[in-house]
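A.B. asks: Below is one structure. I have some questions about it.
Bear in mind that the values in this text are calculations on the coordinates, not laboratory data. Here the structure is a predicted model, which means the values were calculated and not measured. Positions of Cβ are generated from backbone atoms using ideal geometry, with glycine treated the same way; all protein chains shown enter the neighbour counts.
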Amino acid sequence: MNYQFHSLHPPNQFVSLILRPMAKTANPAENAQLKDIIAHAKEYGFVYPSSEIYDGLQAVYDYGAYGVELKNNLKRLWWETMTRVHENIVGIDAAIFMHPTTWKASGHVDSFNDPMIDNKDSKKRYRADVLVEEHAAKLENEGKVDEAKQLTAALARLLEAEDLAGVRDLIINEGITCPISGTSNWTDVRQFNLMFSTQVGSVADDASTIYLRPETAQGIFVNFLNVQKTARMKVPFGIAQIGKAFRNEIVARQFIFRMREFEQMEMQFFVRPGTELDWYQKWADVRMRWHLALGTPAEKLRKHDHEKLAHYANAAMDIEYEFPFGFKEVEGIHSRTDFDLKSHQEYSKKKQQYFDPEVNQNYIPYVIETSIGADRLFLLTLCNAYTEETTEDKTRVYLKFHPAVAPVKAAILPLTKKDGLPEKAQEIVELLKYDFNIIYEEAASIGKRYTRQDLIGTPFCIAVDHQTLEDNTVTIRHRDTTEQERVPISELHGRIAEATSFRRVFERI
């Protein structure tokens, strides 16, 4: 495979490496917070640098025992929100490899580029548009809102006109310097295609080059008619998919926020032409409520309308979250018009039309897309959950996950290793383990075990003591408040099920 990013770094540079590209103007406290979160993620089994024993691979990460549980819970919550709550949305799982003409039809071969610029002194490479956007964000933080808006508008005009020389002039005229060297000794701006390519024995008579998909959406579009017919769907309806995607990012940074191998959760919603902007607004509102229902504070979320639209869109916005490194996109909502289906119809010579009995006509549906990065949602959830509480004598650190997505739902903790307490605790494990992810632990003092569960975000600790043997009651210790209550064992399943049910999220959307 034609991979071109074999940049290796020693594992002891894990945290400093992912923070290094951040601009010098970033808030030191924010840098420290991100550094703490990254260190916590590795120390407590959420995220590791990939192939660490071989010094790692830049911008590629592995999810540990608790990380994979958290990520799977987030994906399952999204999936069930789409396919269970909405009766007119079904799912698919399309292949990563697709016929190469797919990417010609979608525009990725010709247009899937980012503007790249190098600093001659530091030898570091950057996305030119990101340099300008970060400078605009700095101006906005300084209260120069009008200047920031003018700068982003100027960038949008230059990119729309494909005036790369103008983008370079804008960077120089604004005094934007390299965060590493501090100089403005820039190269020309060039376009950089983000797709990875590889070779196969035979895809078509005249082509052996195929691509690792840079998005999951096209697998939905090429299966539009298959799904519509076999699932007996009527417009408006949606197709959801979760899957891996791959992009050879110019600058992959900020931990798992921007990676070369990542996971997308996308839903394409097919609508009657002329109704797309109403559906666009409806889905933007629904998706914002979803994030709020999961416990994300309203003040840390915002909508950002695109000034420069993609070639396929007539409206687009991002839902942004305030990470320690600033407001960044987590989810995109796009009105993609009929571009994709029309283009695939043109290239494949197969009609991609739907007969609508309500209006008695054939048409190519318009599409509203919701696209969220599973890894970015994971990072949002981790940042939002990471809590430090300082009292007079100590600082308590815990992960305040919504119980519905917490990696471990409950820990069963016998007070001692004798007197029949471990055996009683194991009975409780058997009662709960088939419906919830449970941890059993008997080592160390009960206080230390509580602390360990706090650090991985377990919402409930269940202590089994000598009174349990007498009356079949246990002590539940609640993570967020550290309060304890005595309850019968017979109530445990119902209490945990109620607290961790996805329904509690669904009802708030």
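A.B. asks: Given points 7 Å out from each Cα along the Cα-Cβ axis, report the Asp480 to Ile180 separation in nanometres with one decimal.
C.D. replies: 4.3
A.B. asks: Rounded to the nearest 0.05, what FRET efficiency do Glu80 and Gln426 have when you use their Cβ-Cβ distance and R0 = 30 Å?
C.D. replies: 0.45
A.B. asks: Please state the relative contact order of the chain as a whole percent: Cα pairs under 8 Å, 6+ residues apart? The partial results should precede the final answer.
C.D. replies: On the way: 889 pairs, mean separation 69.6, N = 509.
Over the chain, the number comes to 14 percent.
A.B. asks: Have a look at Val200, Leu432, Gly420 and report the one farthest towards the positive end of the charge dipole of the chain, computed about the Cα centre with Cβ charges (Lys/Arg +1, Asp/Glu -1).
C.D. replies: Of the options given, the answer is Val200.
A.B. asks: Moving on to the next point. Can you tell me how much longer the chain between His99 and Ile509 gets when fully stretched, taken as 0.36 nm per residue apart minus their C-alpha distance, in nm with one decimal?
C.D. replies: Working: separation 410, 0.36 × 410 = 147.60 nm, distance 3.80 nm.
Length difference between fully extended and current span is 143.8 nm.
A.B. asks: Still on this structure: Relative to the present Cα-Cα distance, how much length would full extension add between Lys234 and Arg157 at 0.36 nm per residue of separation?
C.D. replies: 23.8 nm
A.B. asks: Would you tally the net charge around Ile368, using a Cβ to Cβ cut-off of less than 14 Å, leaving Ile368 out, and scoring K and R as +1, D and E as -1? Working shown, then result.
C.D. replies: On the way: positive: Arg272, Lys282, Arg287, Arg336; negative: Glu266, Glu276, Asp278, Asp285, Glu331, Asp338, Asp340, Glu369.
Within the 14 Å Cβ shell, the charges total -4.
A.B. asks: What is the angle, in °, between the Cα long axis of helix 65-83 and the longest principal axis of the Cα atoms in the chain? Nearest 10 is fine, range 0 to 90.
C.D. replies: Long axis of 65-83 versus the principal axis of the chain: about 60 degrees.
A.B. asks: Given the DSSP H assignment, sum -39500 (n - 2.57) over each helix run of at least 4 residues in the chain and divide by its residue total; what's the result at 222 nm in deg cm²/dmol, nearest 500?
C.D. replies: Theoretical 222 nm ellipticity from helices: -10500 deg cm²/dmol.
A.B. asks: Could you please report the charge total around Asp318, scoring K, R as +1 and D, E as -1 over all other residues with beta-carbon less than 10 angstrom from its beta-carbon?
C.D. replies: Spelling it out: positives minus negatives among the neighbours equals -1.
A.B. asks: Now for a separate question. If you place +1 on the Cβ of every Lys and Arg and -1 on the Cβ of every Asp and Glu, how big does the dipole about the Cα centre of region 408-502 come out, in debye to the nearest 20?
C.D. replies: Result for region 408-502 is approximately 360 debye, rounded to the nearest 20.
A.B. asks: Name the residue from Ile256, Val222, Gly274 whose Cα lies farthest towards the positive end of the charge dipole of region 214-309, charges +1 on Cβ of Lys and Arg and -1 on Cβ of Asp and Glu.
C.D. replies: Val222
A.B. asks: Give a quick list of GluC sites (Glu not before Pro) in region 137-219 that DSSP marks as loop, anything other than H, G, I, E or B, with at most 16 other Cβ atoms within 10 Å.
C.D. replies: Here the sparse-neighbourhood loop sites are Glu142, Glu162.
A.B. asks: Considering only DSSP beta bridges with both partners in the chain, what is the antiparallel share in %, to the nearest 5?
C.D. replies: 85
A.B. asks: Just to confirm the number: angle between the C-alpha axis of helix 28-43 and the first principal axis of the chain, 0 to 90 degrees, nearest 10?
C.D. replies: 60
A.B. asks: How much length, in nm to one decimal, is gained on full extension between Phe502 and Ser111, taken as 0.36 nm per residue of separation minus their Cα-Cα distance?
C.D. replies: Difference between extended and current length: 136.8 nm.
A.B. asks: How much FRET efficiency would the formula 1/(1 + (r/R0)^6) give for Val286 and Ser51, where r is the Cβ-Cβ distance and R0 is 30 Å, rounded to 0.05?
C.D. replies: FRET efficiency, Val286 to Ser51: 0.15.
A.B. asks: Round to the nearest 10 and give me the degree value, 0 to 90, for the angle of helix 128-141's Cα axis relative to the longest principal axis of the chain.
C.D. replies: The helix 128-141 is inclined about 60 degrees to the chain.
A.B. asks: Can you bin region 374-509 into rounded, prolate or oblate? Criterion: square roots of the alpha carbon gyration tensor eigenvalues sorted a ≥ b ≥ c, rounded for a/c under 1.5, prolate for a/b above b/c, oblate for the rest.
C.D. replies: Oblate shape, in that a/c is at least 1.5 and b/c is the bigger or equal ratio.
A.B. asks: Then there is this: How many nm separate the modelled label positions at Lys400 and Ser208, each set 7 Å beyond the Cα in the direction of the Cβ?
C.D. replies: Rounded to a tenth, the inter-label distance reads 5.8 nm.
A.B. asks: Placing unit charges on C-beta atoms (Lys and Arg positive, Asp and Glu negative, everything else neutral), compute the dipole magnitude of the chain about its Cα centre in debye, rounded to 20.
C.D. replies: 600
A.B. asks: Further, regarding this structure: Taking the Cβ of Arg449 as the centre, find all other residues whose Cβ is under 9 Å away and add up their charges (Lys, Arg: +1; Asp, Glu: -1).
C.D. replies: On the way: positive: Lys448, Arg452; negative: Glu441, Glu442.
Result for the local shell: 0.
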